[in-house]
Amino acid sequence: MTMKEVKIPFLIVVVVVAALLPIWVLAAAKQHHQGGEKKKLRFGSDGQFKILQVADMHYGNGKTTTCLDVFPSQFPTCSDLNTTAFVHRMIQAEKPNLIVFTGDNIYGFDAADAAKSLNEAFAPAISSNIPWAAVMGNHDQESDLSREGVMKHIVGLQNTLAQVNPLDQDVIDGFGNYNLEVSGVEGSGFENKSVLNLYFLDSGDYSTVPSIGGYGWIKPSQQYWFERTSAKLRKAYTSKPQAQKAPAPGLTFFHIPLPEFASFDSSNFTGVRQEGISSASVNSGFFTTMVAAGDVKAAFIGHDHLNDFCGELSGINLCYAGGFGYHAYGKAGWDRRSRVVVASLEKSEKGGWGAVKSIKTWKRLDDQHLTAIDGQVLWSKSSAGMRRKKPVGGT
């Protein structure tokens, strides 16, 4: 048999296998092939990495889409363009290293053309030339694109680091499960090590189980991917060079709150709770999965627009962003808002930049001065070390 005779069946097999692959795998492979053009996330020379969280833009059709829950005097001139202007203001004020959109980016029922609405909703991030990422909420797919279609469109937009799904797991629920690594300062001992890990998950839209009503949740296949990814990152971080004793801190981003968000009252959170916690009617166990992984320090969500609090439970801060978009329900007189998260590095003994020493957050209001409120430390390396050393029964 000649080499030419061998090549033909081989090519046929390749074509057949490719045809059988899920669409999201092919889309992810194409994105991976183009990945060399994508920006690598890294701490700046100031030793900081800043994330701007935008939750629930609920973008519709632009200037023809009216605002909800604003004062009567604002209605005539208020539209989706107010949401766009707020994104621009936040980018200019905070100059983040990464922008994260945590779902309900468009309000599908009022978006005549999903692709056009997505393009306009993300336009400020795209034009800023700042890397950005996104997950879906429960309304993004309610126009003329499926959830898979929405995520595929998002990953094709300029400057995004979003992914349809991980390439290393063939079967996974949802669309938009991926992780991003943030390396240390260039020229430091951590320049080739991920010192901050970001996890993005699709919390779904609504239950697909006939006997269970309500919202969706993070499924076992997604949790398995998270556990594997967290363990892999821990191994890399605690191995040479610059082997560390504990895992690098991690942050998770998704849309629908976990039932554990209902664990707080005004005595043990920062911010406000003005409505119920609209989680799934079943507990998926993802909070326990995060606790067991040992690296996650905070989870950031949207969904309930009138809540903007952060509360700590079992070492993990559970944080709402507060409603951002003007076509989303809100409360007249209660300013739309956005959350900012900043991770800071410690100085090494030789004066260079080392590992992450603290993670802080605050919110900004869409008022005249972009007022900053509710500044707090979510995690610090020193306090974590003290907790680990505290004896059982100690005070």
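Laid out as a table, the results:
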| read-out | value |
| --- | --- |
| Every residue from segment 245-271 that is more than 20 Å from residue 52 (Cβ to Cβ), buried (at least 16 other Cβ atoms within 10 Å of the Cβ) and more than 18 Å from the chain's Cα centre (by Cα) | 247, 259, 260, 263, 264, 269 |
| Filtered residues of segment 183-192 (kept if crowded, with 17+ Cβ neighbours inside 10 Å and in a loop (DSSP other than H, G, I, E, B)) | 184, 185, 188, 190 |
| Number of positions in segment 28-74 that are modelled with pLDDT under 95 and either open to solvent by 50 Å² or more (accessible area, probe 1.4 Å) or in a strand (DSSP E or B) (or both) | 9 |
| Tally of residues being under 17 Å from the mean Cα position of the chain (by Cα) and open to solvent by 70 Å² or more (accessible area, probe 1.4 Å) across segment 75-94 | 0 |
| Counted residues, segment 167-182 - those being open to solvent by 10 Å² or more (accessible area, probe 1.4 Å), at pLDDT 95 or above and in contact with a Phe, Trp or Tyr (Cβ under 7 Å, 6 or more places away or on another chain) | 3 |
| From the options 250, 213, residue that is under 30 Å from residue 372 (Cβ atoms) and either touching a residue at least 24 places away in the same chain (Cβ under 8 Å) or acidic (Asp, Glu) (or both) | 250 |
| Some residue of segment 158-166 being at pLDDT 95 or above, open to solvent by 50 Å² or more (accessible area, probe 1.4 Å) and out of contact with any strand residue (DSSP E or B) (no Cβ under 8 Å at 6 or more places or on another chain) | yes |
| Only listed residue being over 16 Å from the mean Cα position of the chain (by Cα), β-branched (Val, Ile, Thr) and at pLDDT below 95, chosen from 208, 238 | 208 |
| Hits in segment 304-316 - residues which are open to solvent by 10 Å² or more (accessible area, probe 1.4 Å) and touching a Ser or Thr at 6+ places or on another chain (Cβ under 8 Å) | 313 |
| Count - residues of segment 272-298 that are of a type in the set (Lys, Arg) and either part of a loop (DSSP other than H, G, I, E, B) or open to solvent by 40 Å² or more (accessible area, probe 1.4 Å) (or both) | 1 |
| Failed item in (1) among the aliphatic types (A, V, I, L, M); (2) in contact with a Phe, Trp or Tyr (Cβ under 7 Å, 6 or more places away or on another chain); (3) within 24 Å of residue 300 (Cα to Cα), with residue 185 passing the rest | (3) |
| Of all residues making up segment 95-140, the number that are in a helix (DSSP H, G or I) and open to solvent by less than 10 Å² (accessible area, probe 1.4 Å) | 7 |
| Leading residue by the ranking (farthest from residue 58 (Cα to Cα)) among those in segment 319-329 that are buried (at least 24 other Cβ atoms within 10 Å of the Cβ) and more than 14 Å from the chain's Cα centre (by Cα) | 322 |
| Which numbered condition residue 338 misses (of (1) open to solvent by 30 Å² or more (accessible area, probe 1.4 Å); (2) closer than 22 Å to residue 78 by Cα; (3) part of a strand (DSSP E or B)) | (1) |
| Of all residues making up segment 193-240, the number that are assigned to a helix (DSSP H, G or I), among the aromatic types (Phe, Trp, Tyr) and open to solvent by 20 Å² or more (accessible area, probe 1.4 Å) | 1 |
| Leading residue by the ranking (farthest from residue 269 (Cα to Cα)) among those in segment 344-382 that are polar (S, T, N, Q) and open to solvent by less than 40 Å² (accessible area, probe 1.4 Å) | 344 |
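The values are calculated or read from the model by the stated rules, or taken from the named source; none is laboratory data. It should be emphasised that the depicted structure is a prediction, and the values quoted were computed from it without experimental measurement. FYI the Cβ positions are ideal-geometry reconstructions off the backbone, even for glycines, and counts take in every protein chain you see. Side chains included, ligands, DNA and RNA excluded: accessible areas come from the protein's heavy atoms. Shrake-Rupley method; radii C 1.70, N 1.55, O 1.52, S 1.80 Å.
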